[in-house]
Amino acid sequence: MHALVLGAGIVGVSAAWFLREAGVEVTVVEARDGPGLETSFANGGHISVASGPWAAPDVPGKLLRWIGREDAPLLLRPFRWDPALWRWGVRFLANCTPRAFAANAAAIGELCRFSAAETARLRARLAIDDQNSTAGTLTLLTTPAEMAAAEAKARRLSEAGFAAELLDRSGIASAEPALAEAASRYAGALFAKEGETGDAHRFTAGLAHAAAALGVTFRYGTRVARLAVARGAATGVVLETGETIAADQVVLAAGPWSVQLAATAGLALPVYPGKGYSATVPIAGRNGAPRLAVVDEHAKIYVARFGERLRAAGTLELAGWDKTPSPVRAAATLGALRRLFPEGGDYARAEHWTGLRPMSPDGRPLIGPTRVRNLWLDTGHGPLGWTMGAGSGRLIAALMTGAAPPLDPAPYAPGRFRWLEPRESLR
Ligand SMILES: Cc1cc2nc3c(=O)[nH]c(=O)nc-3n(C[C@H](O)[C@H](O)[C@H](O)COP(=O)(O)OP(=O)(O)OC[C@H]3O[C@@H](n4cnc5c(N)ncnc54)[C@H](O)[C@@H]3O)c2cc1C
């Protein structure tokens, strides 16, 4: 079997690795000049084992309050005329009920925990240096509602066998001395002992290197123009150069751009790009950088330390495909980092970045077959693609090769959106 994997982000490279390990001939086609250069490049780096989806019961109210605030943690530019955004938005809001939130959080948590273990296994086995830290994660809480939600999260963590502790204000600086100055602005914090971080780009590059050594062919600098489909089945891809690459199976792992490629096969993916920002500063010469990973729950900012670099990432802007940064939002991201850790790094040398998360409306990725035979989806990982990448790769490889799936694939099946459902009689 020859499988084509479209996209060499963390998701596509993981799929390629596990397919090759299962004995499949694999070619990865990637538009950029190397692996992990799009959304998997300068993300937050948090490997989150108990995160819920963005679609949560308190979000509709927050969205209304934040409209028109350029630096809002979640910004919907509502007057944009983009029918795809409106269709996606209606489905997103339908997932904000307490019941949908609980079901989605459970499904996401399951895959996150499985995937974090797979990531750790690959890191150790392949000696990938992604500047992984297992010091733990401190989530800073501002409002009583956040404290209540953190209690629920602590319960989810302990049910899953992870240690989590709620701290009051005075406990913040004891847990992370670098927060001594900022601690008074918060009501408390949740400390998750098993919280982990790592540089997704370094990991993706390391795994791609190992996959190439195992026999995966990588074609970088190669942009796919469309999927080739004949009689309801994918037969390969047509490149922008006009060249055709034939394959028995095609895996669409092109992050948010999977939407455009799926459309060439007549599939409308319920995925929308969610722009996020990051700012990275060098630590050299400073002594105020944190040891722990830190989350500011109110500002939706995720801070991680990668060796001698400190990064803040986060916020969500639903405003189409343009990656151009809003200067206000970029400054707000850096400002949030600086307020937390005034002596944390050299802020004059900050590197700014934006990326587009492939957001599904329910927060669950789309992993599995579609109604186009031999076309598989592995996308829609939204704000948790680094965490879920390795596990998703193992799951899609098992589904494609007929091996026993390592976890129940039903919650992630693309067919939960009925127009993507495979026509069983044809498969
Ligand atoms: C600001 C920010 C912070 C984040 N923080 C975290 C975090 O802390 N923890 C976490 O778990 N996740 C985080 N994420 C989410 C995570 O980064 C993404 O979910 C993940 O990177 C998606 O990986 P991917 O492989 O699906 O997409 P990508 O990494 O974007 O890979 C898709 C690839 O497809 C290629 N491609 C696209 N179109 C074509 C084409 N036509 N032909 C050929 N190739 C093509 C692209 O060049 C790209 O390399 C964050 C995201 C952002 C934006």
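Being farther than 21 Å from A154 by Cα and loosely packed, with under 13 Cβ neighbours inside 10 Å is true for just one of R99, R77, R65. Which residue is that?
Checking each option against the conditions leaves just R65.
Tell me yes or no: at least one residue of the range 230-249 is more than 10 Å from the ligand (Cβ to nearest atom), among the acidic types (D, E) and assigned to a loop (DSSP other than H, G, I, E, B).
yes
Checking P256 against (1) at positive phi; (2) assigned to a helix (DSSP H, G or I), which single condition isn't satisfied?
(1)
Out of the residues in the range 329-369 that are more than 15 Å from G314 (Cβ to Cβ) and part of a strand (DSSP E or B), which is farthest from the ligand (Cβ to nearest atom)?
P369
Spot the failing condition for A175; the list is (1) more than 14 Å from the ligand (Cβ to nearest atom); (2) crowded, with 21+ Cβ neighbours inside 10 Å, and only one is missed.
(2)
Pick from A253, A189: which is more than 10 Å from the ligand (Cβ to nearest atom) and modelled with pLDDT of 95 or more?
A189
Which of (1) at negative phi; (2) of a type in the set (A, V, I, L, M, F, W, C); (3) at pLDDT 95 or above is the odd one out, the single condition A160 does not satisfy?
So the condition that A160 fails would be (3).
All but one of (1) small (G, A, S); (2) surrounded by 20 or more Cβ atoms within 10 Å (Cβ to Cβ); (3) within 30 Å of A211 (Cβ to Cβ) hold for A164; which doesn't?
(3)
Here are some conditions: (1) at pLDDT 95 or above; (2) away from the ligand (no atom under 11 Å from the Cβ). S278 meets all but one. Which one does it not meet?
Of everything listed in (1) at pLDDT 95 or above; (2) away from the ligand (no atom under 11 Å from the Cβ), S278 misses just condition (2).
The values are calculated or read from the model by the stated rules, or taken from the named source; none is laboratory data. Quantities reported herein were computed from a predicted structural model and do not represent experimental measurements. Methodologically, a virtual Cβ is constructed for each residue, glycine included, from the backbone with ideal geometry; neighbour enumeration extends over all protein chains shown.
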